[in-house]
1. Can you tell me which residues in the range 219-253 are under 23 Å from Gly142 (Cβ atoms) and loosely packed, with under 14 Cβ neighbours inside 10 Å?
2. Grab the helices (runs of 4 or more DSSP H) fully contained in the range 1-110, keeping just those with 1 or more residues being modelled with pLDDT under 85.
3. Any idea which of Gly146, Gly108 is in contact with a helix residue (DSSP H, G or I) (Cβ under 9 Å, 6 or more places away or on another chain), surrounded by 18 or more Cβ atoms within 10 Å (Cβ to Cβ), closer than 17 Å to Tyr163 by Cα and of a type outside the set (Ser, Thr, Tyr)?
4. Under 7 Å between Cβ atoms, which residue pairs at least 6 apart in sequence (or on different chains) link something in the range 44-63 that is of a type in the set (Ser, Thr, Tyr) with a partner that is crowded, with 22+ Cβ neighbours inside 10 Å and in a helix (DSSP H, G or I)?
5. Would you be able to tell me the number of residues in the range 127-165 that are within 12 Å of the chain's Cα centre (by Cα), of a type in the set (A, V, I, L, M, F, W, C) and not in a helix (DSSP H, G or I)?
6. With Thr148, Thr120 as the choices, which residue is at pLDDT 90 or above, farther than 25 Å from Trp66 by Cα and polar (S, T, N, Q)?
7. Please enumerate the residues belonging to the range 166-224 that are touching a Gly at 6+ places or on another chain (Cβ under 6 Å) and either assigned to a helix (DSSP H, G or I) or free of Cβ contacts under 8 Å to residues at least 12 places away in the same chain (or both).
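The values are calculated or read from the model by the stated rules, or taken from the named source; none is laboratory data. Quantities reported herein were computed from a predicted structural model and do not represent experimental measurements. All Cβ positions, even for glycine, are placed from backbone atoms using ideal geometry, and neighbour counts span all protein chains on display.
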Amino acid sequence: MKRLVGLVVIILFILAFSLLLVVAGGSIVPGREVRGLARVYLNTSYNPWSPYFTVNSPESVTSVVWDYRGLDTVFETMVFYLAIIGSIALARGYRKYIPAKLDYSKLGLSVIVKTVTRITAPLIIIVAASIALHGHLTPGGGFQGGATGAVAPLLILIIFSQYYLIRRGVRKESMLIVRSLGLTGIGITAIAVFLAGLVAGVHAYVLQNQAKATAPVSAPAYIDNQLISGTLWFFNIFEFFAVLAGFTIVLLLLTIPERAYQGGGGE
C-alpha cells in the first residue's frame, strides 16, 4: 500500500510540474537573450586579445568559481572542511574494532560483484581525475571530480566491507592528512601570484590569476603549450583531493560498527 501511495504521489508531481511548464511557458523557460552580466563573463573568460581583462579559461563556470568570485569559493571550501571536522568530533572516542581471526573473503557481496568492482573502481577514479584536470576546459572541476571519485570508496565499503579499506591504509587519519594537504595547496595557490608580485616589486592581489592593469603579474596560462588557465588548474587539482578525502572520511564514519561505540574489541 505504501508503495502504491508513493507511486501515485510521484505521478501527480510529474503531471503538476508538466502542467505548470505548459501554462506558465515563457515566464519560466529562459529567453534567448543573454543577460548583460553573463555576456561579460562569456566575453572575458577566454580573451587573449585583452590580456588585462581575461581569465584565459574557455570554461566560464570555472572562471566564475575560482577567479571572479574566488574568495567566496575559498570560504565555501572552508565550511565544507569544518563540517568534516564536526563529523570527526562526533566520532571521537570510538575504539577501532576489527574482530580477531577475521576471514575477509567471507565479508561483503558475491565474487561476481567484487570482480566487477575491482574493474569499475579504478575507472571511476580515472574519470573523476579527468573531470578535475579538465575543469578549466570543459564542464567539471575539482569539487565535481572529488564527488565523483568518492563513489569508488563507497562501492568498496558496501561490496567489500570497511575492513577492506582499512587494511589498505584508507583510514580516517590518512584521509584527513590528504584533505589537509589539499586545503594547504588551495591556500598556497591563492597567495602565489601575490607573493610573486612582492618578489618582483609590483602590485598584486590575493587570489589573482591573470595580470590586471594595476597589478601586472600573472600565473602561467600555458605549460609546455598546454592551456592550464593560470591558477584554475591548480585549484581544481587541490580541490579534487580535498573533496575526495572529505567524502571518504564521512563514508568511513558512517560505516563504523555500532559495537565500536560500545567499547568493542581493539585493533
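1. Let us first name the residues in the range 219-253 that are under 23 Å from Gly142 (Cβ atoms), namely 219-224, 226-253.
Of everything in the range 219-253, those that are under 23 Å from Gly142 (Cβ atoms) and loosely packed, with under 14 Cβ neighbours inside 10 Å turn out to be Pro220, Tyr222, Ile223, Asp224, Gln226.
2. On the way: elements: 2-24, 36-44, 60-63, 70-90.
In the range 1-110, the matching helices (runs of 4 or more DSSP H) lie at 2-24, 36-44, 70-90.
3. Numbers: Gly146 fails: closer than 17 Å to Tyr163 by Cα.
Gly108 is the lone residue from the list that is in contact with a helix residue (DSSP H, G or I) (Cβ under 9 Å, 6 or more places away or on another chain), surrounded by 18 or more Cβ atoms within 10 Å (Cβ to Cβ), closer than 17 Å to Tyr163 by Cα and of a type outside the set (Ser, Thr, Tyr).
4. Listed pairs, sorted by first residue: Ser45/Ser63; Ser57/Ser63; Ser57/Leu232; Thr62/Leu232.
5. Residues flagged as within 12 Å of the chain's Cα centre (by Cα), of a type in the set (A, V, I, L, M, F, W, C) and not in a helix (DSSP H, G or I) within the range 127-165 amount to 1.
6. Thr120
7. Once the filter is applied, which keeps residues that are touching a Gly at 6+ places or on another chain (Cβ under 6 Å) and either assigned to a helix (DSSP H, G or I) or free of Cβ contacts under 8 Å to residues at least 12 places away in the same chain (or both), the range 166-224 yields only Arg179.
Residues are listed down the side, and each one gets a yes or a no for (1) surrounded by fewer than 19 Cβ atoms within 10 Å (Cβ to Cβ); (2) among the basic types (Lys, Arg); (3) closer than 22 Å to Glu239 by Cβ:
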residue: Thr120; (1), (2), (3): yes, no, no
residue: Ile131; (1), (2), (3): no, no, yes
residue: Pro139; (1), (2), (3): yes, no, yes
residue: Ile177; (1), (2), (3): yes, no, yes
residue: Ile188; (1), (2), (3): yes, no, yes
residue: His203; (1), (2), (3): yes, no, no
residue: Asn209; (1), (2), (3): no, no, yes
residue: Val217; (1), (2), (3): no, no, no
